[in-house]
Amino acid sequence: MKKKMTACALLLLLLLTACGQKPSLQETIPTLSLTAGGGRTAPVNAYDYSWQSGREAVVVDTAHPLQTIETLPGVTVPAGASIGMCFSRLPDRVIVACWPESMAETSSPWQEQELESTFVNNLFTFTPPESEENLIFLVHGYWDSYEDVSGSVGYAFVIEQN
């Protein structure tokens with residue numbers, strides 16, 4: 001009986017110790033979900049980032065989104081629909097850039113179109129320009145005013161308008 005009690009006490013101690021652990025640096029990087037027409041949501045993974053939490057920091061740099069189109073998540077939205085960006089941690093500011101998919105086939109420098117985003121009711125939104133072709137997006141969120149974390153995170157995705 002004494003051995004069982006000791007084992008239970010050790011197990012309880014291990015569980016309580018695990019509950020007090022801080023999240024890993026990767027777990028503090030904000031996630032993004034897009035919402036558009038009909039309330040559909042689509043999660044978008046972090047594409048590139050420079051992130052710091054406490055004394056830990058990480059930088060992940062990737063190829064340009066036009067060079068990785070086939071790996072990007074796609075979202076279909078009605079033409080003219082605005083897209084909501086729901087972050088797991090609200091950024092201080094957001095920059096939205098896009099390119100037509102055909103630009104990936106050119107050798108000239110890629111000039112992005114920067115879109116205006118608005119912030120209402122804790123949600124950043126933007127409206128993609130109407131296009132006959134798919135548009136490649138790169139959304140960068142910036143976190144500067146938090147005490148526990150700071151940095152920037154980019155999220156890349158493809159939008160097809162119907």
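Quick notes
- Shape call, the range 18-80: gyration tensor on alpha carbons, a/c limit 1.5: oblate
- Taking the inverse of the mean reciprocal distance over all distinct Cα pairs, the Kirkwood hydrodynamic radius of the range 20-162 comes to 15.9 Å.
- Label sites at residue 110 and residue 64, each approximated as a point 7 angstrom past Cα along Cα to Cβ, lie 0.6 nm apart.
- Nonpolar atom fraction for the range 42-162, defined as the carbon and sulfur part of the 1.4 Å probe accessible area, stands at 46 percent.
- Relative to the Cα centre, the charge distribution of the range 54-162, modelled as +1 at Lys and Arg Cβ and -1 at Asp and Glu Cβ, gives a dipole magnitude of about 300 debye.
- Where the Cα pairs of the range 46-105 fall when distances are cut into 5 Å bins, in %: 3, 10, 17, 23, 22, 14, 6, 3, 1
- Pairwise label distance in nanometres, residue 86 with residue 122, each label 7 Å out on the Cα-Cβ vector: 1.1
The values are calculated or read from the model by the stated rules, or taken from the named source; none is laboratory data. What you see is a predicted model, and the numbers here were worked out from it, not measured in a lab. Reconstructed Cβ throughout: ideal geometry from the backbone, glycine too, with neighbour counts over all protein chains shown. The area values use the complete protein model at the heavy-atom level, side chains included, leaving out ligands, DNA and RNA. Shrake-Rupley method; radii C 1.70, N 1.55, O 1.52, S 1.80 Å.
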